[in-house]
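Q: Handing you a structure now.
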Amino acid sequence: MPTLAHYLFVSGGLFAIGLLGVLLRRNILIIFMGLELMLNAANLSLVAFSRFHPGHDGLPGYSAQVFVFFIITVAAAEVAVGLAIIVALFRAKQTTHVEDLDTLKF
Amino acid sequence: MQLALFWVFAILTLLFGAGVVVFRSPVSSAMSLVMSFVGLAALFVTLDAFFIAVVQVLVYAGAVMVLFLFIIMLLDLRTEGRRPVKLAAWAGGGMVLVGFLSALTKVVFSLPEAAQTKPDLPLPGVNDVAQVGFALFRNFNLPFQIIGVLLLVATIGVVVLSRRELK
């Protein structure tokens with residue numbers, strides 16, 4: 001049977017991959033995908049904790065799953081707004097490469 | 001059996017997650033992200049969170065990734081050319097990664113319940129959709145309404161952002 005530590009390490013690994021994507025990739029869309037990976041890693045650890053810490057009635061903590069539901073909703077809203085910003089940015093600059101976006105650079 | 005399934009889906013999730021970062025074509029990255037989300041949904045099923053697993057597939061693997069692919073198509077992105085590798089960026093990334101993973105290892109092994117296996121559910125078939133619904137509409141009713149307003153704001157924001165200026 002997998003233990004809590006198994007799930008936490010998968011969650012941490014997924015978060016680390018997302019973080020590396022944000023740090024190392026220069027394409028703004030891939031950076032966005034890295035953000036999604038990090039959000040999902042947080043969801044996995046929330047659900048794992050809810051399953052491994054049952055309440056008084058022996059059921060998993062469903063508050064954590066409601067929280068995951070909210071995170072998914074906020075992430076969907078964030079993706080919609082973020083991609084609209086990327087499209088607007090592409091219209092203005094014709095690039096999705098973060099190093100070409102240096103207008104605000106001093 | 002459960003442990004074998006856990007490893008299959010954990011490795012699937014992590015490998016395709018790494019694919020998102022490694023692939024040079026944005027379309028390959030997006031498809032890899034879909035597979036990673038499907039693996040994650042399977043991991044939710046092994047944790048008896050069926051509702052979250054279904055929502056994960058519907059919202060992430062479905063809606064969000066279609067949006068991503070649409071934008072990739074709209075912007076007509078090609079495979080990135082090779083740019084010179086920035087040694088400082090890779091060194092910084094590696095340092096952050098090692099620091100994060102070592103901190104995680106330390107925290108997980110200091111948890112008293114880290115080696116605990118899943119406690120049994122009181123009944124074999126708990127209706128988890130009903131349970132999540134009760135929690136959502138009884139204890140979290142106000143946040144639920146606020147999330148609805150957030151989605152409305154996001155919708156209006158996207159319309160305003162993507163409107164073309166009339167000249």
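Q: In this structure, does B:L101 turn out to be part of a helix (DSSP H, G or I), free of Cβ contacts under 8 Å to residues at least 24 places away in the same chain and within 7 Å of another protein chain (Cβ to nearest Cβ)?
A: So B:L101 fits the description; yes.
Q: If you take the residues in region B:124-143 that are at the interface with chain A (Cβ under 8 Å from one of its Cβ atoms) and without any contact (Cβ under 8 Å) to a residue 24 or more places away in the chain, which one is nearest to A:T73 (Cα to Cα)?
A: If we take residues in region B:124-143 being at the interface with chain A (Cβ under 8 Å from one of its Cβ atoms) and without any contact (Cβ under 8 Å) to a residue 24 or more places away in the chain, then B:P143 is nearest to A:T73 (Cα to Cα).
Q: Going by what's in this entry, would A:G58 be described as at pLDDT 90 or above and either open to solvent by 20 Å² or more (accessible area, probe 1.4 Å) or facing chain B (nearest Cβ under 7 Å) (or both)?
A: no
Q: Still on this structure: Can you give me the number of residues within region A:79-106 that are assigned to a helix (DSSP H, G or I), more than 7 Å from every other protein chain (Cβ to nearest Cβ) and touching a residue at least 12 places away in the same chain (Cβ under 8 Å)?
A: Residues that pass the stated criteria total 4.
Q: Related question: If you take the residues in region B:109-123 that are facing another protein chain (nearest Cβ under 8 Å) and outside any loop (DSSP other than H, G, I, E, B), which one is surrounded by the most Cβ atoms within 10 Å (Cβ to Cβ)?
A: B:T117
Q: Another one. Farther than 24 Å from B:W7 by Cβ, open to solvent by less than 10 Å² (accessible area, probe 1.4 Å) and either aliphatic (A, V, I, L, M) or more than 7 Å from every other protein chain (Cβ to nearest Cβ) (or both): which single residue out of A:I72, A:I28 fits that description?
A: Answer to the check: A:I72.
Q: Here are some conditions: (1) open to solvent by less than 30 Å² (accessible area, probe 1.4 Å); (2) without any contact (Cβ under 8 Å) to a residue 24 or more places away in the chain; (3) assigned to a helix (DSSP H, G or I). A:L19 meets all but one. Which one does it not meet?
A: Checking A:L19 against (1) open to solvent by less than 30 Å² (accessible area, probe 1.4 Å); (2) without any contact (Cβ under 8 Å) to a residue 24 or more places away in the chain; (3) assigned to a helix (DSSP H, G or I), the one that fails is (1).
Q: I've got another one for you. Please enumerate the residues belonging to region B:42-80 that are at the interface with chain A (Cβ under 7 Å from one of its Cβ atoms), of a type in the set (A, V, I, L, M) and part of a helix (DSSP H, G or I).
A: Result: B:L43, B:I52, B:V55, B:V59, B:A63, B:V64, B:L67, B:I71, B:I72, B:L74, B:L75.
Q: Among B:N141, B:N127, which is the only one that is more than 22 Å from the chain's Cα centre (by Cα), modelled with pLDDT under 90 and of a type outside the set (V, I, T)?
A: Result of the check over B:N141, B:N127: B:N127.
Q: Separate question: Any chance region B:60-71 includes a residue that's over 17 Å from the mean Cα position of the chain (by Cα), more than 30 Å from B:L136 (Cα to Cα) and open to solvent by less than 30 Å² (accessible area, probe 1.4 Å)?
A: Yes, region B:60-71 contains at least one residue that is over 17 Å from the mean Cα position of the chain (by Cα), more than 30 Å from B:L136 (Cα to Cα) and open to solvent by less than 30 Å² (accessible area, probe 1.4 Å).
Q: Hey, A:M33 hits all of (1) facing chain B (nearest Cβ under 7 Å); (2) closer than 18 Å to B:F16 by Cα; (3) open to solvent by 20 Å² or more (accessible area, probe 1.4 Å); (4) touching a residue at least 12 places away in the same chain (Cβ under 8 Å) but one; which does it fall short on?
A: It fails just one condition, (3).
Q: Here's something else I'd like to know. Could you list, in sequence order, the residues of region B:85-108 that are surrounded by 12 or more Cβ atoms within 10 Å (Cβ to Cβ) and over 23 Å from the mean Cα position of the chain (by Cα)?
A: Those that are surrounded by 12 or more Cβ atoms within 10 Å (Cβ to Cβ) and over 23 Å from the mean Cα position of the chain (by Cα): B:K86, B:A89, B:W90, B:G92.
The values are calculated or read from the model by the stated rules, or taken from the named source; none is laboratory data. These numbers were taken from a predicted model, which means no experiment stands behind them. In this analysis, Cβ positions are derived from the backbone assuming ideal geometry, glycine residues included, and neighbour counts consider all displayed protein chains. Please note that ligands, DNA and RNA were not included when accessible areas were found on the heavy atoms of the full protein model with its side chains. Shrake-Rupley method; radii C 1.70, N 1.55, O 1.52, S 1.80 Å.
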